[in-house]
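Below is one structure, written out as structure tokens, with a few remarks after it.
The values are calculated or read from the model by the stated rules, or taken from the named source; none is laboratory data. Remember, it's a predicted structure, so these values are computed and weren't measured experimentally. Using ideal geometry, Cβ is built from the backbone for each residue, glycine included, and neighbour counts are taken over all protein chains shown. For accessibility, only protein heavy atoms count, side chains too; no ligands or nucleic acids. Shrake-Rupley method; radii C 1.70, N 1.55, O 1.52, S 1.80 Å.
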Amino acid sequence: MTWDTIILGAGAAGMMCATQCGGRTLVLDHAKAAGEKIRISGGGRCNFTNIYAGPENFLSGNPHFCKSALSRYTQWDFIELVAAHGIAYHEKTLGQLFCDTSAKEIISMLHAEMTKAGAELWLETSVINVGHDGTVYSVTVEASGKRQILTCTNLVLATGGKSIPKMGATGLAYDIARQFGLSVTDTRAGLVPFTFSDGRFKDISGVAHPVRATANGTQFDEAMLFTHRGLSGPAMLQISSYWHEGQPISIDLFPDNDPFEELRTRRQDYGRRNLTTELATLLPTRLVDHLGQHMDLSGNLADQSDTRLRALCDDLKSWQLSPSGTEGYRTAEVTLGGIDTNDLSSKTMEAKTRNGLFAIGEAVDVTGWLGGFNFQWAWSSGWAAGQAISERS
Ligand SMILES: Cc1cc2nc3c(=O)[nH]c(=O)nc-3n(C[C@H](O)[C@H](O)[C@H](O)COP(=O)(O)OP(=O)(O)OC[C@H]3O[C@@H](n4cnc5c(N)ncnc54)[C@H](O)[C@@H]3O)c2cc1C
């Protein structure tokens, strides 16, 4: 069977690409349904883009690489598509757009656009191997126990990263990229909770507090959540993408102010009150109890000299924690690293040394922050490859 384009992976990027390619386009996926990560994303409501999306919201070996695709198919283009399909949405926080009803609406929209473009979708189809004779790619696939060889002029790698293997994530795109001489940068789990092997936060599991989290010179002001196994919540997920094993993270428990003057004033007015009681008016009580096990919070306010109060406030504004690790790919929202952007055209996403081979979405070494940025990259990179393919035919 001969196709103009075969897209491996019916996720966000693959489906978007298929809406643009034109010609005879086939999308293959080993899963039972297309867009499974879209379906579960954003708590079932899909945070499908971010109104503030820009290159600064992405990590990559080459921070400039994402600029072209993001500027040619922007968040506003995707929002227009969503609106044209009558999908109601709202901004939750920080520019994050979610469906009012269900993430399934985004999947249905992509299905409808793929059908309009004449693209075919084969599910529950395994890719056995891929070859290239210099002109045409061959893809050996197996479905319902039957093998067949398909050929195509354009082969698009859109099988995503390694996150959540239970949902069918594999390293297929990396393997094929390597097979054709492209480099793959080291990969690791991103947007992932931290673990502490001593289970030190068990006593405050479920407590959330707004913080400023800093690692490797990058900081995020968002909520932190203590869990049985460690630390989660948006601030921790965000900073996990910048953290490397063995490094500390710094937590500012008072991101918007310094409690020093406040505590000094209270010392004058309520000197006989316990320091912990006063702190519990500024921080969750259970967190204060927990901190008391690790810091000296004994005594009344009147017992605290300026020097002691200053040192305490410094500790609370720069709480140093060294995670044992992260939850890894099992729960990570994304995979950092991937197909080396040096080997791809930033305009078309085509391999520089291999005509007709494209890589898009999370498989590429471009990773967004939490907040709709990863889907925007999937839409933008998928669109860029699809456009390049359609212009060529
Ligand atoms: C729980 C969760 C919530 C998320 N929420 C959000 C969010 O709200 N907003 C946001 O921007 N991002 C979110 N993300 C990230 C986002 O889902 C991904 O960045 C995005 O889906 C990447 O798109 P993709 O098309 O590159 O890969 P994917 O969507 O992962 O699609 C890859 C496809 O390839 C298929 N595949 C893989 N291996 C093979 C193989 N060997 N053979 C055949 N097919 C294969 C898979 O079945 C899948 O359908 C979330 C991720 C997770 C895990």
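Considering A388, A378, the condition of being away from the ligand (no atom under 16 Å from the Cβ), open to solvent by less than 40 Å² (accessible area, probe 1.4 Å), assigned by TED's automatic domain parsing to the domain that holds C99 and part of a helix (DSSP H, G or I) is satisfied by A388 alone.
Annotation note: of T367, T348, T353, T341, the sole residue that is open to solvent by 40 Å² or more (accessible area, probe 1.4 Å), hydroxyl-bearing (S, T, Y), at negative phi and in the same structural domain as L26 (by TED's automatic domain parsing) is T353. In the range 235-242, the condition of being in contact with a Pro (Cβ under 8 Å, 6 or more places away or on another chain), more than 16 Å from the ligand (Cβ to nearest atom) and open to solvent by 10 Å² or more (accessible area, probe 1.4 Å) is met by no residue. The condition of being of a type outside the set (S, T, Y) and open to solvent by 40 Å² or more (accessible area, probe 1.4 Å) holds for only one of H294, H290, that being H294. Taking helices (runs of 4 or more DSSP H) as the structural unit, those lying wholly within the range 1-75 and holding at least 2 residues that are near the ligand (Cβ under 8 Å from one of its atoms) correspond to 12-18, 36-40.
Does G337 satisfy the condition of being closer than 29 Å to A69 by Cα, modelled with pLDDT of 95 or more, touching a His at 6+ places or on another chain (Cβ under 9 Å) and of a type in the set (G, A, S)?
no
Of the residues making up the range 331-350, those that are under 18 Å from S390 (Cα atoms), assigned to a loop (DSSP other than H, G, I, E, B) and away from the ligand (no atom under 13 Å from the Cβ) are S345, S346, K347, T348. Looking across the range 170-194, the residues that are among the hydrophobic types (A, V, I, L, M, F, W, C) and in a helix (DSSP H, G or I) come down to L172, A173, I176, A177.
Would you confirm, using the coordinates I've provided, whether S305 is open to solvent by 10 Å² or more (accessible area, probe 1.4 Å), under 30 Å from A158 (Cα atoms) and more than 16 Å from the ligand (Cβ to nearest atom)? Give the steps one after another, and end with the answer.
Working: open to solvent by 10 Å² or more (accessible area, probe 1.4 Å): yes; under 30 Å from A158 (Cα atoms): no; more than 16 Å from the ligand (Cβ to nearest atom): yes.
No: the conditions fail for S305.
May I ask you to list the residues in the range 161-214 that are within 16 Å of the ligand (Cβ to nearest atom), closer than 21 Å to H228 by Cβ and open to solvent by less than 20 Å² (accessible area, probe 1.4 Å)? Across the range 161-214, the qualifying residues are A189, L191, V192.
Among the residues making up the range 255-282, those that are assigned to a loop (DSSP other than H, G, I, E, B) and open to solvent by 10 Å² or more (accessible area, probe 1.4 Å) are P255, D256, N257, D258, Y270, G271, R272, R273, A280, T281, L282. From the list L370, L312, pick out the single residue that is assigned to a helix (DSSP H, G or I) and either more than 17 Å from Y174 (Cα to Cα) or more than 10 Å from the ligand (Cβ to nearest atom) (or both). Only one candidate qualifies: L312. For V139, indicate whether it is within 14 Å of the ligand (Cβ to nearest atom), modelled with pLDDT of 95 or more, more than 30 Å from G372 (Cβ to Cβ) and assigned by TED's automatic domain parsing to the domain that holds T19. When the stated conditions are applied, V139 passes them.
Starting from residues that are among the aliphatic types (A, V, I, L, M) and open to solvent by less than 10 Å² (accessible area, probe 1.4 Å), keep the ones in the range 308-324 and report whichever is nearest to N274 (Cα to Cα).
So the first thing to find is which residues in the range 308-324 are among the aliphatic types (A, V, I, L, M), and the list is 309, 311-312, 316, 321.
Right, trim to open to solvent by less than 10 Å² (accessible area, probe 1.4 Å) and you get 309, 316, 321.
Working: L309: 13, L316: 17, L321: 26 Å.
The qualifying residue nearest to N274 (Cα to Cα) is L309.
Please indicate, with yes or no, whether at least one residue in the range 351-359 is within 30 Å of A235 (Cβ to Cβ) and within 16 Å of the ligand (Cβ to nearest atom). No, that holds for no residue.
Is it the case that some residue within the range 375-393 is small (G, A, S) and under 29 Å from F201 (Cβ atoms)? No.
Considering the range 102-158, the qualifying strands (runs of 3 or more DSSP E), each wholly inside and each with 1 or more residues that are in contact with a strand residue (DSSP E or B) (Cβ under 7 Å, 6 or more places away or on another chain) and surrounded by fewer than 13 Cβ atoms within 10 Å (Cβ to Cβ), run over 126-132, 146-157.
Right, E327: within 16 Å of the ligand (Cβ to nearest atom) and open to solvent by 70 Å² or more (accessible area, probe 1.4 Å) or not? First the steps, then the outcome.
Details: within 16 Å of the ligand (Cβ to nearest atom): yes; open to solvent by 70 Å² or more (accessible area, probe 1.4 Å): no.
So E327 does not fit the description; no.
Beta carbons closer than 9 Å, at least 6 apart along the sequence or on distinct chains, pair a first residue in the range 232-245 that is on the phi > 0 side of the Ramachandran plot with a second that is β-branched (V, I, T) and surrounded by 24 or more Cβ atoms within 10 Å (Cβ to Cβ) for G233/V211.
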